[in-house]
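Structure first, then comments.
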Amino acid sequence: MAKALVTGATNGIGRAIAVALVKAGYAVTGTGRNPDRLAALSALGITPLALSMDRPDEIAAALEGHRFDVLVNNAGMMPPLGHFAESDWEDAARTVAVNLLAPMAVTRAILPDMVARKGGHVFFVGSIAGHTPYANVAAYCATKAGIGAFAQSLRLEVAAAGVRVTEIVAGRVETELYIDILSPEARAAMYANQTGLKPEDVGAMVAAVLALPAHVDVTRFDINPTRIGTPTGTK
Ligand SMILES: NC(=O)c1ccc[n+]([C@@H]2O[C@H](COP(=O)([O-])OP(=O)(O)OC[C@H]3O[C@@H](n4cnc5c(N)ncnc54)[C@H](OP(=O)(O)O)[C@@H]3O)[C@@H](O)[C@H]2O)c1
């Protein structure tokens, strides 16, 4: 049975991807920090692995000896919204660690074995914020632009070994990403009128990409809510 590792599988997009991969027949290991949500993964057929992305330097040791056929670098966070010049430096540094350095460290721990075995698939959950940045999340946008460039460069290095790399450019998905930084009313407004994807939509796309034959490399896919940007309340 092929093995998959999904980071940030305790919630949102990562959990939906992990569930989709279990349904597709993979033996899935899912990482996260929240102990209750980690424990709940077993009931979904996912093997839980406690792994913090806060200290990328410690990731290599934590993943030593693990071998996977599919890696989904999904775990990520959003710092408080606001002008970068007035923001806490710790928030920016943590965003870079969790969203950029940690997926690089996870990839470095898993990729050499894929290359040696001449097969595997690495996904990176990027964002439209990395391609069409918006205000008040400058550090977040920088990490997502960085992960996109990293994915595309990496792909060129490993393609000859038969390893595929896919950047997922996700638009707005209804998750808890904004739960600490927006009021409940603001969150509700953000997802009103079906202007958010469901995490399961992204999970279905990942499973579809993996179902393609080995000679097909989906290097990037964009996935957005159909109705995003549609004005409401017009006369
Ligand atoms: N939601 C969107 O609209 C959207 C759009 C584009 C891209 N994305 C990207 O999608 C990915 C998943 O986000 P989501 O929307 O599903 O958010 P979410 O519901 O908040 O889930 C985030 C996941 O990442 C894990 N995580 C966060 N910080 C971590 C840390 N320091 N160490 C270890 N694990 C950590 C969480 O695990 P624990 O809570 O257990 O630590 C959780 O499983 C992120 O990379 C995000 O940037 C989201």
Would you pick out the residues in the range 52-80 that are of a type in the set (Gly, Ala, Ser) and assigned to a helix (DSSP H, G or I)? 60, 61, 62
Take residue 145 and decide whether it is modelled with pLDDT under 95, in a helix (DSSP H, G or I) and within 22 Å of residue 80 (Cα to Cα). no
Residue list for the range 81-138, filter: under 30 Å from residue 21 (Cβ atoms), more than 13 Å from the ligand (Cβ to nearest atom) and assigned to a helix (DSSP H, G or I): 104, 107, 108, 109, 110, 111, 112, 113, 114, 115, 116, 117
Name the residue that is nearest to residue 53 (Cα to Cα), counting only residues in the range 1-16 that are within 6 Å of the ligand (Cβ to nearest atom) and assigned to a helix (DSSP H, G or I). 14
Could you please tell me which pairs satisfy a Cβ distance under 6 Å, a separation of 6+ or placement on different chains, a first residue in the range 60-89 that is closer than 25 Å to residue 109 by Cβ, and a second residue that is of a type in the set (D, E, K, R) and not in a strand (DSSP E or B)? 67/113
Against the definition (without any contact (Cβ under 8 Å) to a residue 12 or more places away in the chain, closer than 27 Å to residue 79 by Cβ and within 14 Å of the ligand (Cβ to nearest atom)), how does residue 223 come out, yes or no? no
The range 17-51 - residue that is within 8 Å of the ligand (Cβ to nearest atom) and assigned to a helix (DSSP H, G or I) and, of those, surrounded by the fewest Cβ atoms within 10 Å (Cβ to Cβ): 37
List pairs: first residue in the range 186-203 and surrounded by 17 or more Cβ atoms within 10 Å (Cβ to Cβ) and aliphatic (A, V, I, L, M), second residue in a helix (DSSP H, G or I) and modelled with pLDDT of 85 or more anywhere in the structure, Cβ distance under 6 angstrom, at least six positions apart or on different chains. 202/13
Suppose we filter the range 159-185 for residues that are outside any loop (DSSP other than H, G, I, E, B) and buried (at least 19 other Cβ atoms within 10 Å of the Cβ); how many remain? 9
Residue count for the range 89-138, restricted to those that are in contact with a Cys (Cβ under 7 Å, 6 or more places away or on another chain) and aliphatic (A, V, I, L, M): 1
So, first residue within 19 Å of residue 218 (Cα to Cα) in the range 128-152, second residue aromatic (Phe, Trp, Tyr), Cβ within less than 9 Å, six or more apart or across chains; the pairs are 128/134; 130/140; 147/124; 148/124; 150/124; 151/123; 151/124
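The values are calculated or read from the model by the stated rules, or taken from the named source; none is laboratory data. Because the structure is a prediction, the values reported are computed rather than measured. For neighbour counting, all protein chains shown are included, and Cβ atoms are generated from backbone atoms with ideal geometry for every residue, glycine included.
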